[in-house]
Amino acid sequence: MANDVADVFSADDLVHCLLAVGARQDRLAFRVLFDHFAPRVKTYIVQLGCSHQQAEELAQETMVKVWNKASQFDSEKAAPSTWVFRIARNLRIDAFRRESHPELDQNDPSLLPAEERPADITVEQKQSEQQLRKAMDELPQEQMELLHLSFFQDMAHGAIAEKLGLPLGTVKSRLRLALGKLRKKIDDDQMYTSGLSE
Amino acid sequence: MNIDHHIPDEILLAYASGSAPEAWSLIVATHLALCPQCRERVSEHERMGGSLLESLPPEALTEDAFDLLMKKIDGQPEQEVTVKEPVVWVPSVLPEPLRSYVGGDLHALKWRRLGKGVLHIPIETKDGQAQARLLKVPAGKPVPTHGHNGDELTLVLTGSFKTHQGEFRRGDIETADGDVEHTPLAGEGEDCICLAVTDAPLRFKSLGAKLVQPFIGI
């Protein structure tokens, strides 16, 4: 099946494909992206409670956006999976809730810029994709469950509390705990890796 | 400018995952424009989203999905090449996305009276749960005492205000939940304009304020 073929490609391959689509509308590269991402976006939408047909349509729409916006993809700023996730997230908010997802405008003169960071931070950013995955796998079940509910059930904290029969404060503090742990884990790993490479 | 009061992590997560109602997302995104630290955190949370997406079991699309997609793409009207307009440096007080929601910067605003010198502008969003509005409190004056049925976030845009939690200046976010009853006091010297979002109607203490509450829509 095409999906299995696509899965032999690495994260770096996906970056090159996305850049190729952006630079010259490369159809072969786009096919690779489609085979990799469209089935996952479909699962994402189904998990959010949509019919398979709606999920298929939204996966298609996501890929149209990927094609149209590929030239704006900046590999220094985001991994392809994160970039596609944002597109799919915004489309499904628009489709399900008829709401938009307000976003900041990077070119807004009112935007307060971040301080310049040393160049090696970007390298760490890339490593952290895998580290993040690993750190998430190591979270306790109850904390991972909350992350899943946030990302895949479209549940506000109040709704999560109700579903799990927990006080709202517990949901919030558990989420905070999980996020703090992930951040610390990644920071520690980064120190460890940069220590090794010296 | 230093931001002392940030948005709690779990609300940033709700924004990044897309589970926050539009009004909450509006205040988060507007704070992000003024706060590189929270911006960085939202990127982290979005990376989690990407990573979770990556780990989902793929569900095959229909046989001809790719061909249909390419037909759709080829049938699109010619994409206008997105050449970014050079940024015109017009300094503005209200950052995006807030500026677009209220239709311009401060000079474009049409304030309505809320009582005791306090002005407001309700902001239209499509979510049925949370309410967003701009508030303008005269320098040195208190915001009417209120408690909350739900959570409230307040983002300072001009001036400052003080509560028992400290002083809040441009870019700072005050977080109040159901248990907090507070009387913010605007700082001297400059009117305090802030963006406030509540997920339930405020409960005002004084009878007068209670009586007008249904009419002014806050």
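The values are calculated or read from the model by the stated rules, or taken from the named source; none is laboratory data. As the structure is a computational prediction, the values presented were derived from the model and not from experiment. Heads up, the Cβs are rebuilt from the backbone with ideal geometry, glycines too, and the neighbour counts pull from every protein chain shown. For the accessible areas, the whole protein counts, side chains as well, though only heavy atoms, and no ligand, DNA or RNA atoms are used. Shrake-Rupley method; radii C 1.70, N 1.55, O 1.52, S 1.80 Å.
State which residue pairs qualify: first residue at the interface with chain A (Cβ under 7 Å from one of its Cβ atoms) and inside region B:91-103, second residue open to solvent by less than 30 Å² (accessible area, probe 1.4 Å) and modelled with pLDDT of 95 or more in any location, beta carbons under 6 Å apart, and separation of 6 or more residues or different chains.
Taking only residues 6 or more apart or on different chains, the pairs are B:PRO95/B:THR30; B:PRO95/B:ALA33; B:PRO97/B:ALA29.
Considering only region A:167-189, state which residues are more than 9 Å from chain B (Cβ to nearest Cβ) and surrounded by fewer than 17 Cβ atoms within 10 Å (Cβ to Cβ).
A:PRO167, A:THR170, A:LYS181, A:LYS184, A:ASP187, A:ASP188
Mind checking which residues of region A:146-173 are farther than 17 Å from A:ILE93 by Cα and not in a helix (DSSP H, G or I)?
A:GLY165, A:LEU166, A:PRO167
A:LEU28: hydrophobic (A, V, I, L, M, F, W, C) and buried (at least 20 other Cβ atoms within 10 Å of the Cβ), yes or no?
no
Regarding region B:57-74, can at least one residue be identified that is at pLDDT below 95 and under 34 Å from the mean Cα position of the chain (by Cα)?
No.
In region B:1-75, which helices (runs of 4 or more DSSP H) lie fully inside it and hold 2 or more residues that are over 16 Å from A:ALA88 (Cβ atoms) and open to solvent by less than 10 Å² (accessible area, probe 1.4 Å)?
B:9-17, B:22-34, B:36-55
Looking only at region B:155-191, count how many residues are closer than 23 Å to A:ALA114 by Cα, open to solvent by 10 Å² or more (accessible area, probe 1.4 Å) and of a type in the set (Val, Ile, Thr).
Final tally of qualifying residues: 1.
For the structure I just gave you, tell me whether B:HIS45 is more than 7 Å from chain A (Cβ to nearest Cβ) and modelled with pLDDT of 95 or more.
Criteria not met by B:HIS45.
Could you say whether any residue in region A:79-92 is more than 17 Å from the chain's Cα centre (by Cα) and either in the same structural domain as A:PHE152 (by TED's automatic domain parsing) or in a helix (DSSP H, G or I) (or both)?
No, because not a single residue in region A:79-92 is more than 17 Å from the chain's Cα centre (by Cα) and either in the same structural domain as A:PHE152 (by TED's automatic domain parsing) or in a helix (DSSP H, G or I) (or both).
Tell me whether region A:48-55 contains one or more residues that are crowded, with 22+ Cβ neighbours inside 10 Å, closer than 19 Å to B:ALA65 by Cα and among the hydroxyl-bearing types (Ser, Thr, Tyr).
Within region A:48-55, none of the residues are crowded, with 22+ Cβ neighbours inside 10 Å, closer than 19 Å to B:ALA65 by Cα and among the hydroxyl-bearing types (Ser, Thr, Tyr).
Please go through region A:69-98 and give me each residue that is facing another protein chain (nearest Cβ under 9 Å), without any contact (Cβ under 8 Å) to a residue 12 or more places away in the chain and surrounded by fewer than 16 Cβ atoms within 10 Å (Cβ to Cβ), ordered by number.
A:LYS77, A:ARG98
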